[in-house]
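Right, one structure below, let's go through it.
The values are calculated or read from the model by the stated rules, or taken from the named source; none is laboratory data. The model shown is predicted, which means the values in this text are computed figures rather than measured ones. When we count neighbours, we look across all protein chains shown, and the Cβ atoms used for this are built from the backbone with ideal geometry, even at glycine. Heavy atoms of the whole protein, side chains included, go into the accessibility calculation; ligands, DNA and RNA do not. Shrake-Rupley method; radii C 1.70, N 1.55, O 1.52, S 1.80 Å.
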Amino acid sequence: MRLEKCWFCSSTVYPGHGIQFVRNDAKIFRFCKSKCHKNFKMKRNPRKVKWTKAYRRLHGKDMTQDSTFEFERKRNRPERYDRNLAENTLKAIKKIDKIISDRASDHIKNRLKTGKVQRQKEARKQLELGIHLVKAPLALAQDSSLCLPKIKVNVSQAQTEENQPMED
Amino acid sequence: MVQYNFKKITVVPNGKDFIDIILSRTQRQTPTVVHKGYAISRLRQFYMRKVKYTQQNFHEKLSTIIDEFPRLDDIHPFYGDLLHVLYNKDHYKLALGQINTARNLISKVAKDYVKLLKYGDSLYRCKSLKVAALGRMCTVIKRIGPTLAYLEQIRQHMARLPSIDPNTRTMLICGYPNVGKSSFMNKITRADVDVQPYAFTTKSLFVGHTDYKYLRYQVIDTPGILDRPFEDRNIIEMCSITALAHLRAAVLFFLDISGSCGYSIAQQAALFHSIKSLFMNKPLIIVCNKTDLQPLDGIFEEDRKLVMEMKAEAMKTVIGQGGEPTNEEGVLLTMSTLTEDGVIAVKNAACERLLNQRVELKMKSKKINDCLNRFHVALPKPRDQKERPACIPQAVLEAKAKQAAEKEKRKTEKELEDEYGGAGVYSASLRKNYILANDEWKEDTMPEILDGHNVYDFIDPDILLRLEELEREEGLRQAEEEGDDFEMDGQELSLEEQEALAEIRKKKSLLIQQHRMKKSTAESRPVVPRKFNTDRKFTTGRMGRQLSSLGLDPSLAINRARSKSRGRKRERSVDKREGDGGDAMDIDDNQASKKLRLRSTSRSRSQSRPPGEVIPGEGLKDSAQKIKAIKLAKKSVLKRNKNARRGEADRVIPTLKPKHLFSGKRSIGKTQRR
């Protein structure tokens with residue numbers, strides 16, 4: 001029993017799921033769900049379809065080269081069974097998994113960092129330029145910080161006795 | 001072989017069918033269309049063709065019949081005689097002769113009419129000639145109709161004759177009726193001959209086959225023969241006689257010792273002597289049947305003498321063949337088909353005798369000598385007297401012995417399975433012969449899948465080392481990451497600044513929305529200019545709030561706005577009531593202005609204006625004009641008294657006779673009423 005990779009979106013195909021297509025030249029295409037299968041039949045290139053791993057790797061959205069990928073490799077040479085080796089492998093798999101996911105998320109974070117910086121700059125500029133919409137120049141002259149002005153409420157006793165003007 | 005052809009004779013059609021077949025064939029296979037306008041030669045040709053075609057077909061079919069039926073002189077005399085016995089040679093020959101004559105007649109007819117057709121001068125004449133020709137041919141056939149039927153019968157019967165090969169090893173069983181010939185036949189061959197208590201159960205020859213010493217023997221069962229003079233014999237008996245006469249076979253003469261067939265031994269002996277001439281040159285065996293009812297030793301003296309005489313005759317045939325006069329046993333045998341006692345012995349004896357005879361004959365013939373010259377069995381000439389047996393090395397012998405022993409000792413999986421309860425109960429442990437570092441691991445199950453990964457892809461003998469390296473790397477990398485993160489945080493906006501930004505964005509989007517609304521409606525609807533304040537949103541209170549939200553002090557602006565606004569009559573009348581006749585417009589009077597201010601601040605919706613009051617900007621000159629305008633407006637809205645006159649809501653028929661309702665046909669249905 002093996003977990004395969006979907007040819008289109010590169011997600012894992014668990015046993016009992018998906019479709020396998022064998023072409024006349026004996027190349028096997030495995031698909032995890034009918035969405036991928038139908039896209040394949042439409043002859044779409046996975047490298048151009050935004051949500052596939054192939055696209056993401058190609059356009060640098062996801063991590064492509066890393067030493068951790070060397071751990072998971074299909075080896076065709078059978079090894080003699082060794083209980084200790086099996087135990088160690090199982091423990092190692094968990095650790096390696098964690099490292100891989102850490103690295104992948106860091107990669108994405110780094111990628112998004114530049115955008116964040118840019119947005120902050122823009123916000124600052126917008127604030128500076130548009131402060132006149134919320135703060136009168138007079139108030140700005142008095143208090144030059146770029147925040148909302150403090151509202152001064154004149155409470156006179158006479159006015160409270162008369163009928164209060166209705167709020168608009 | 002000749003006998004098989006009897007099954008392959010084509011069916012002989014009866015007279016009418018024959019004519020039909022030929023004529024319809026003529027009609028189909030020759031051209032059918034002819035007109036009297038054609039050239040005369042063409043017409044003649046047309047009809048000549050038809051006549052000739054018909055004649056040819058008749059000729060063909062009759063020829064096949066004549067050729068396929070066997071000529072009694074050309075086939076094996078056994079068959080010739082058999083056919084003669086069954087069908088009467090003369091009748092048979094006559095029938096075939098008639099067919100031949102018919103054939104010739106037809107040819108003659110055709111020839112004559114073709115000659116006449118050559119000089120036919122019109123379509124009609126040619127046609128009548130052709131009709132006459134065909135008619136005559138058909139009459140010929142009609143006349144031989146019964147002959148054809150007779151030949152068909154013969155053909156059917158011939159096809160069912162038993163396929164006897166006259167040249168191969170044959171055994172013939174003969175004797176009185178009911179002596180047990182057919183039962184014997186059933187015992188030694190796979191033939192299933194009818195066995196019944198009445199005489200002449202077997203009415204024709206039956207063939208069966210049996211094996212002896214890897215050779216196939218034909219066994220022929222004949223109908224019983226009665227002791228009668230030759231001329232009186234009926235067809236059935238004649239069959240057996242024919243067989244006896246012509247087939248070169250071993251003869252088994254059956255004798256019923258018990259007499260239960262209804263005939264005494266004396267009668268049977270008499271029969272024997274009357275047909276013993278037919279036993280010339282044939283190995284003869286006398287078989288005494290039904291010994292379970294009466295053993296051979298228990299018969300009467302006279303009968304015994306008769307039997308011995310028969311035996312003596314049989315012996316003569318043995319000696320006559322030049323064989324050894326030793327085998328007395330092979331001449332007279334006893335058996336019982338009921339108890340199957342001695343049946344095989346009889347068969348073996350008969351087969352042996354026949355075989356010997358045939359071999360002897362072959363040896364005597366010239367052909368065998370040629371064959372014999374070609375055989376030679378080679379034997380190496382012994383060099384000296386030393387014996388040289390086969391030599392097998394000792395090691396090989398030992399190995400063979402060991403292998404044999406091992407095969408016995410080792411327990412196979414199948415045996416284990418059987419021992420522990422069979423296929424469904426015991427499942428063999430496929431792993432028990434595994435070679436592992438530690439034998440406890442033999443029955444371990446290892447997971448193949450973990451967390452979405454194939455475990456087999458990760459297995460590596462030095463996975464631990466690599467994992468350590470990896471973790472070290474990871475530690476370093478994480479430290480670097482933290483350093484980078486630190487630098488980033490300086491540039492963020494503070495909370496208040498974020499609030500301000502949010503407000504700015506909200507205001508901006510609101511402005512844009514309003515602008516868009518205005519933009520879209522401005523062209524399609526006339527808009528009230530801003531200064532008329534129809535939705536009453538330009539109040540000082542509002543202005544005050546907006547200004548203070550911007551951070552300015554609104555009080556000055558509010559005062560200025562209020563002082564600039566015009567007072568209303570109502571306020572002045574309030575002042576008049578107070579008894580002050582002074583100029584209410586005197587703003588400098590503090591009291592008055594205070595009152596004004598008071599009045600103006602309490603401007604609310606509940607206060608209405610007087611009816612004739614002119615509001616600046618309305619477009620009316622003075623209050624009189626306004627009042628007049630109001631009156632006019634009211635008059636125009638006054639309701640008219642219609643006094644039950646026809647109004648807009650009352651039904652009106654614009655056209656009393658619309659054309660589409662009073663004319664036109666319907667596509668389906670009646671137009672009785674419209």
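Observations on the model:
- Backbone amide hydrogens, once placed in the peptide plane, bring B:Ile449 within less than 5 Å of B:Val455, excluding anything fewer than 5 places away on its chain.
- Cut-off under 5 Å, modelled amide H: who pairs with B:Tyr212 long-range: B:Tyr217
- Chymotrypsin sites (Phe, Trp or Tyr not before Pro) restricted to segment B:71-127 and DSSP loop, no more than 16 other C-beta within 10 Å: B:Tyr119
- Cα-based radius of gyration for segment B:37-161, normalised by 2.2 N^0.38 Å, reads 1.38.
- Farthest toward the positive end of the dipole of chain B, out of B:Thr412, B:Ala312, B:Val34, is the Cα of B:Val34, where the dipole comes from beta carbon charges about the Cα centre.
- Relative contact order for segment B:64-166, counting Cα pairs under 8 Å that sit 6 or more residues apart, in percent: 33
- All-pairs Cα distance distribution in chain B, expressed in whole percent, bin size 20 Å: 10, 16, 12, 12, 11, 10, 12, 11, 6, 1
- Highest-fluctuation residue, A:Asp62, A:Asp106, A:Asp82 considered, GNM on chain A with Cα pairs under 10 Å: A:Asp82
- Solvent-accessible area lost on pairing B with A (1.4 Å probe, both sides summed) amounts to about 6100 Å².
- Here segment B:163-367 yields Rg over Rh of 0.93, to two decimals, using C-alpha coordinates and the Kirkwood radius.
- Average beta-carbon neighbours from other chains, 10 Å sphere, peptide A:130-140: 6
- Eligible lysines near B:Lys181 by straight Cα distance, threshold 20 Å, same-chain separation 8 or greater: B:Lys203, B:Lys276, B:Lys282, B:Lys290, B:Lys311, B:Lys347
- Cα-centred dipole magnitude for segment B:6-157, charges only on beta-carbon of K, R (+1) and D, E (-1), debye, nearest 20: 1060
- Global form of chain A, assessed from the alpha-carbon gyration tensor, a/c cut-off 1.5: prolate
- Our coupling estimate for segment B:537-552, obtained by passing each phi through the Karplus curve with A = 6.51, B = -1.76, C = 1.60 and θ = phi - 60°, is 9, 9, 9, 5, x, 5, 4, x, 5, 4, 5, 5, 5, 7, x, 9 Hz, Gly and Pro reported as x.
- Positive-end residue of B:Val11, B:Ser24, B:His91, charge dipole of segment B:1-119 with Cβ unit charges: B:Ser24
- This model, with +1 at the C-beta of Lys and Arg and -1 at the C-beta of Asp and Glu, gives segment B:163-367 a dipole about its Cα centre of some 1080 debye.
- Computed from the alpha carbon positions, the gyration tensor of the protein assembly as shown leads to an equivalent ellipsoid with semi-axes of 134, 62, 29 Å, biggest first.
- Taking every C-alpha pair closer than 8 Å and separated by at least 6 residues, the mean separation divided by the residue count of chain B gives a relative contact order of 8 percent.
- Among B:244-257, B:267-280, B:155-168, sorting by the average number of other beta carbon atoms lying within 10 angstrom of each residue, highest first, gives B:244-257, B:267-280, B:155-168.
- Within chain A: Cβ-based charge dipole about Cα centre, in debye rounded to nearest 20 (Lys, Arg +1; Asp, Glu -1): 1920
- Nearby lysines by direct alpha-carbon distance to A:Lys150 (threshold 16 angstrom, same-chain neighbours under 8 apart not counted): A:Lys135
- Nearest-ten-degree value, helix B:463-488 long axis tilted from longest Cα axis of chain B: 20
- Under the criterion of Cα pairs below 8 Å and six or more residues apart, the relative contact order for segment B:163-367 equals 22 percent.
- Across segment B:309-316, computed HN-Hα scalar couplings (Karplus, 6.51 cos²θ - 1.76 cosθ + 1.60, θ = phi - 60°) run 4, 4, 4, 4, 4, 4, 4, 4 Hz from first to last residue, x flagging Gly and Pro.
- Which listed pairs, of A:Lys33/A:Lys98; A:Lys43/A:Lys116; A:Lys121/B:Lys506, have C-alpha distances above 29 Å, in listed order: A:Lys43/A:Lys116
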